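All remarks here apply to the structure that follows.
Read-outs throughout are calculated quantities, based only on the coordinates presented, and are distinct from any laboratory measurement. As the structure is a prediction and not an experimental result, all values here were calculated from the model. When we count neighbours, we look across all protein chains shown, and the Cβ atoms used for this are built from the backbone with ideal geometry, even at glycine.
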Amino acid sequence: MGRRPHPRNAAGQRSQYPRLYGRHAVIAALSNPERVHRKLHITHAAMKTLAEDYDLPKGFNVQYGDDADLGRLVPADAPHQGLVLEVEPLDSPYLGDILSEDTGNRALVVLDQVTDPHNVGAILRSAAAFGAVAVVTQDRNSPSESGSLARAASGALEIVPWVRVVNLARALGEIGDAGYWRIGLDGTATRVLEAALAETKPALVFGAEGEGLRHNTAEHCDELAKLPIAATMESLNVSNAAAIALYAAARR
C-alpha cells in the first residue's frame, strides 16, 4: 500500500494532523497496528477507564489536561469523553489489491461525491457491520479523516479499507472487470434492489444527497435499482440507504 499524502490546506501548507475523539474512536485507533499515533490528550479520570480496555505501550506520548483543555482541541461541544488522539492519516489501499482478493459475493461500496463526514462515517460503520469488502471514494470529492467522521464510524474507520481513487469512472471500469455487478442506487429506477442483487457479486454505488448519481457514474453502472420505499417519502439519507442496501446484500 502507498502512504496517503498528508492533508494540506488551501495554501498548500501541511494542515493539522487529524484529532480523533470519543472512547470508541480512540480505542479503535489505538488498537490498530496500521495507525501512526502522535499524541494522546487525556484527562486523569479517562486514563483510569482507558486502562480497563487498553494498555498504552511504554513511552507513549501522553499529554494530561482537564475537560476544558481537551475541548479546545476539538470542535465546539464535541463529546470527547476525556480522550483526544492526534494521529496520522491511514494509508489508502490500492484498488487493484482490493479487487484481487477472493471475497466471495461480499458487497463493495462506491460513493460518488458524498462529502458529508457524518454520512461517510456512518456508511463505514454499516460497511463494517455487514461485511463489505471496502469503501471506494474519489479523493478530491470526499471528506478527509476527522474526529467527526471517526466518531460517526464508531471504530469502523480502523477496520474497513477506505480506497481513494483519482478517477471514479476509471475505478468503476476496473471494478466491473474484476467481476463485480455495479448497481447504482437511484430512486427513479424501475427495478428494486433485491431483484438486481440476485446472486451477483455487487458493487453498490451511491450518489450525493440531493444530486444523486452523476450521469457519467450512472453510465458506468451495469444497472440502476431502487429501494422499495413508500411513495409518500421521496428518498432516504444516503447513509440510511447504504445501511439498508448492505443488509439486503448480506442477507442473501
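Points worth noting:
- Here Lys48 is the anchor, and the lysines within straight C-alpha reach of less than 24 Å, apart from those fewer than 8 places off in the same chain, are Lys39, Lys58.
- Among the GluC sites (Glu not before Pro) within segment 144-202, those in coil by DSSP and having at most 15 neighbouring Cβ atoms inside 10 Å are Glu199.
- Helix-only mean residue ellipticity at 222 nm for the chain, each DSSP H run of n ≥ 4 adding -39500 (n - 2.57), per residue, nearest 500: -8500 deg cm²/dmol
- Classification of segment 19-87 by its C-alpha gyration tensor yields a prolate form. The axis ratio a/c (a ≥ b ≥ c) is 1.5 or more, and a/b outweighs b/c.
- Under the criterion of Cα pairs below 8 Å and six or more residues apart, the relative contact order for segment 95-250 equals 29 percent.
- Helices in the chain that qualify as membrane-span-like (whole DSSP H runs, Cα extent of at least 15 Å along the helix axis, mean Kyte-Doolittle hydropathy of -1.0 or higher) are 117-129, 238-250.
- Whole-Å distance, taken between Cα centres, linking segment 198-245 and segment 118-137: 15 Å
- Prolate/oblate/rounded call for the chain, Cα gyration tensor, a/c under 1.5 rounded: prolate
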